[in-house]
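Working notes, beginning with the structure itself.
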Amino acid sequence: MADLIQIGKAVKPKGLKGCIKAVSFCESPELLLSLKEVFLGREIQHVTPFAVEKIVLRGTFFLLDLDGVKTRDASEVLIGCSIFAPSYTLKKLPEGEYYWHDIIGLEVVTDDGLSLGRIETIVPTGSNDVYVCTGGEREILLPAIDDVIKEIDVEKGTMVVTLIEGL
């Protein structure tokens, strides 16, 4: 199976004909419009493929009509599932930009070599994302700004940061 990237999460049924409302994890939701197939599951190891019949963008959400999901009962079973897309369906980003799946899991170290943990999740805030680092002494919220994030090396699996006052 192709590498899968989490693009959203099913949050509630929409209407009576099986439509699913999902929160988008994509900074550029228009990428979703070209999807022909998605995978849903509570864990990435146990996903089910679905052909996409229709995707409608609604701000930070999208409405998803899937082949074989034609009733509200059928869509309710999928609520809470993560929604994945094959990585090859997403475009290559410019230098210095990363997909969330590239960031999540990176080991975080300060510029003087102190290990802080790993990026657990990302919180979009509007002005900049916030990386949630866990596994060290405490949870640290790292704003995705140049003053804090000094280097990201996806190949090595590391992120170098400078802790500013208040972090």
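Annotations
Quick grid of which residues meet (1) outside the structural domain of PRO124 (by TED's automatic domain parsing); (2) over 15 Å from the mean Cα position of the chain (by Cα); (3) charged (D, E, K, R):
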{"site": "ILE44", "(1), (2), (3)": "yes, no, no"}
{"site": "ALA74", "(1), (2), (3)": "yes, yes, no"}
{"site": "PHE84", "(1), (2), (3)": "yes, no, no"}
{"site": "GLU95", "(1), (2), (3)": "yes, yes, yes"}
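- Count of residues meeting criterion [under 13 Å from the mean Cα position of the chain (by Cα) and surrounded by fewer than 13 Cβ atoms within 10 Å (Cβ to Cβ)] in segment 1-22: 0
- Cβ separations smaller than 9 Å between residues 6+ apart or across chains give no pair from segment 148-167 residues that are without any contact (Cβ under 8 Å) to a residue 60 or more places away in the chain and over 15 Å from SER115 (Cβ atoms) to residues that are basic (Lys, Arg) and assigned to a strand (DSSP E or B).
- Residue match in segment 132-140 (condition: surrounded by fewer than 15 Cβ atoms within 10 Å (Cβ to Cβ) and either assigned by TED's automatic domain parsing to the domain that holds SER24 or at pLDDT 90 or above (or both)): yes
- Condition met for VAL108 (touching a helix residue (DSSP H, G or I) at 6+ places or on another chain (Cβ under 7 Å) and not assigned by TED's automatic domain parsing to the domain that holds GLN45): no
- The residues of segment 72-94 that are part of a loop (DSSP other than H, G, I, E, B) and either under 10 Å from ILE20 (Cα atoms) or among the basic types (Lys, Arg) (or both), listed by number, are LEU78, ILE79, LYS91, LYS92.
- Residue match in segment 146-166 (condition: in contact with a helix residue (DSSP H, G or I) (Cβ under 6 Å, 6 or more places away or on another chain) and modelled with pLDDT of 85 or more): yes
- Segments classed as strands (runs of 3 or more DSSP E), wholly inside segment 1-68, with at least 3 members that are β-branched (Val, Ile, Thr): 4-14, 46-58
- Scanning segment 23-52 for residues that are among the β-branched types (Val, Ile, Thr) and surrounded by fewer than 18 Cβ atoms within 10 Å (Cβ to Cβ) gives VAL23, ILE44, THR48, VAL52.
- Candidates in segment 34-75 are the residues that are charged (D, E, K, R) and either closer than 18 Å to SER24 by Cα or touching a Ser or Thr at 6+ places or on another chain (Cβ under 9 Å) (or both); of these, the one that is modelled with the lowest pLDDT is GLU43.
- Flag if GLU120 is of a type in the set (Asp, Glu) and in a strand (DSSP E or B): yes
The values are calculated or read from the model by the stated rules, or taken from the named source; none is laboratory data. Since the structure is predicted, the reported quantities are computational estimates derived from the model, not experimental observations. Every residue, glycine among them, receives a Cβ derived from its backbone with ideal geometry; neighbour counts consider all protein chains shown.
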